[in-house]
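The values are calculated or read from the model by the stated rules, or taken from the named source; none is laboratory data. These figures come from a predicted structure and were not determined experimentally. Virtual Cβ from ideal backbone geometry, glycine too; neighbours counted across all protein chains shown.
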Amino acid sequence: MSDHQIVWLRNDLRSADHPALFHACNAARDSGGTVTALYIATPAQWAYHDEAAAKLALRSGLLTDLRGRLAERGVDFTLLECPRYADIPALLRSFAEQSGATAVWYNADYPLDELNRDNATDAALAAAGIAAKRCDGDMLLAEPTLNGQGLPYKVFTPWYRDWLRKVEQNGLPALPEPEPVGSALAAVAEPVALPGASSYRDDLWPASEAAAQQRLGQFAAQQRARYGELRDIPSVNGTSTLSVYLASGVLTVRQIFAAVVGDCEATGSNWRDDHWFRELGWREFYKNLMIHFPALSRGAAFKSETEALHWQRDQPLNLLWQRGQTGYPIVDAAMRQLQRTGWMHNRLRMITASFYTKLLFMDWRDGEAFFMRSLLDGDFASNNGGWQWSASTGCDASPWFRIFSPLRQSEKFDPDGAFIRKMVPELAGVDGKQIHNPPSAVRQACGYPEPIVDYSQARAAALAAFKALTNG
């Protein structure tokens, strides 16, 4: 029997810069063997992890696209299903034994459940004499960044300076697509359909690697230079929206790094000062935290003293926030953007999360879960980090006394109300600055609700709650 390699796909639905696929194909070519790409659906686990139904729809399309790209290279594709991660070791071992595989290749995941899954699978494969080949495919550095004492950083800025230096010295280069391992395989007409998938805005994010690469190239060359200037204005196309493709691994941070460096060299600017690249640094910082502090994967606050806060449990208020009916136009516009597109502008994520945790004083974990159930770009580490930042419970988080005023944020970042008018159509005809906080008569005429919470009172209550912690 010829040598057979399995590539276990997870959050890496691409053919380029895919270390597991690249090395598996090289091994198969060297031995005259074959390669199968395997994806394992785990619907019960996805429900437990709050995976968005829209995100599963996107992934169905991405897997369909990837299956065709792999077939062109002589790589077969198989879709299996089991309820939970705990069922994967036995299932994967059985599949590997039946297919005569000598090795299973995959790219590392970092949250605790995924790490436990991979360690258990490695052990099951080893017991069957099958090699488990874990690769580094999701970060710029193979090893998490530590400080001079060999300890995890707890503040972003010094971490980022050290990380930039190490990226320049040791950053992993992006890999090309693998060479074919055999003749092209026959195309399969039936699309991949993952359990639990609904639908998503494929007009905004086409489910293909080529579309993702095209958007990356276009943004890097045409919009990246103005990112620092435009990134906080939700009414303009100032961000890349590539987070949707990053979260499912259609693009990698290494490909983005190459695009940033290439464009900076072409324009004579310094990639180390690039605002957009700094945001990718936050992504890697939060992944570092997941590795070093596994309790974050179990819903723990990074600042343990904040576990003593008595968050509200008010389901009616929670539903009004989710539906974009809070009476704060910028908050409602943001939440309706999430409903309409499965994505939310980054400045708006901070505004809505601050509103939820500091003014409604609701548990950040509930907001975090709702975002995961709604977002096409839901990334566990980044979503957790962002929510804990907003709630002042996290590592290097917003100071507890910093509470966003929705009105001031609206006036500053949507000064003409263009975004609000687009997303909250009942307010489209409101004149001028009234759009940010319409008078009661205007609200009544438009059918738009009064604020569900008084800002000044809610702010004072939140400050008192946090201050009690510091005095305790």
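ASN270 falls short on exactly one of the conditions (1) surrounded by fewer than 16 Cβ atoms within 10 Å (Cβ to Cβ); (2) modelled with pLDDT of 95 or more; (3) of a type outside the set (A, V, I, L, M, F, W, C), and that condition is (2).
Summed over segment 324-353, residues that are part of a loop (DSSP other than H, G, I, E, B) and either within 16 Å of the chain's Cα centre (by Cα) or not aromatic (Phe, Trp, Tyr) (or both) total 8. For segment 189-213, a tally of residues being assigned to a loop (DSSP other than H, G, I, E, B), among the acidic types (Asp, Glu) and in contact (Cβ under 8 Å) with a residue 12 or more places away in the chain returns 1. Among the residues in segment 362-369, are any buried (at least 19 other Cβ atoms within 10 Å of the Cβ) and closer than 27 Å to VAL442 by Cα? No, that holds for no residue.
When residues in segment 103-132 are screened for being assigned to a strand (DSSP E or B) and either within 18 Å of VAL253 (Cα to Cα) or under 25 Å from the mean Cα position of the chain (by Cα) (or both), 3 of them pass. Tell me, please, whether a residue that is of a type in the set (Lys, Arg) and without any contact (Cβ under 8 Å) to a residue 40 or more places away in the chain can be found in segment 69-92. No: segment 69-92 contains no residue that is of a type in the set (Lys, Arg) and without any contact (Cβ under 8 Å) to a residue 40 or more places away in the chain.
Within segment 153-178, the set of residues being farther than 12 Å from PHE257 by Cβ and outside any loop (DSSP other than H, G, I, E, B) comprises PHE156, THR157, PRO158, TRP159, TYR160, ARG161, ASP162, ARG165, LYS166, GLN169, ASN170. Of PRO152, PRO178, all but one fail to be outside the structural domain of ALA28 (by TED's automatic domain parsing), surrounded by 11 or more Cβ atoms within 10 Å (Cβ to Cβ) and closer than 30 Å to VAL35 by Cα; the exception is PRO178. Checking the conditions here, which among SER398, SER374 is of a type in the set (S, T, N, Q) and at pLDDT below 95? Of the residues listed, the single one that is of a type in the set (S, T, N, Q) and at pLDDT below 95 is SER398. Of all residues in segment 446-472, those being under 32 Å from the mean Cα position of the chain (by Cα), small (Gly, Ala, Ser) and under 27 Å from ARG421 (Cβ atoms) number 1.
Residue by residue, here is whether (1) at pLDDT 95 or above; (2) surrounded by fewer than 17 Cβ atoms within 10 Å (Cβ to Cβ); (3) aliphatic (A, V, I, L, M) holds:
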{"residue": "ALA295", "(1), (2), (3)": "yes, yes, yes"}
{"residue": "GLY299", "(1), (2), (3)": "yes, yes, no"}
{"residue": "LEU317", "(1), (2), (3)": "yes, no, yes"}
{"residue": "TYR328", "(1), (2), (3)": "yes, no, no"}
{"residue": "ALA333", "(1), (2), (3)": "yes, no, yes"}
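Take the residues in segment 390-430 that are hydroxyl-bearing (Ser, Thr, Tyr) and outside any loop (DSSP other than H, G, I, E, B); name whichever of them is nearest to the chain's Cα centre (by Cα). The extreme case among them is SER390. Does GLU179 satisfy being modelled with pLDDT of 95 or more and closer than 26 Å to LEU296 by Cα? Taking the combined requirement at face value, the residue does not satisfy it. Could you grab me the full set of residues in segment 416-462 that are among the acidic types (Asp, Glu) and modelled with pLDDT of 95 or more? Matches in segment 416-462: ASP416, GLU426, GLU450, ASP454. Condition (residue is closer than 17 Å to ASP136 by Cβ, in a helix (DSSP H, G or I) and not small (Gly, Ala, Ser)) applied to segment 261-279: is it met by at least one residue? No, segment 261-279 contains no residue that is closer than 17 Å to ASP136 by Cβ, in a helix (DSSP H, G or I) and not small (Gly, Ala, Ser).
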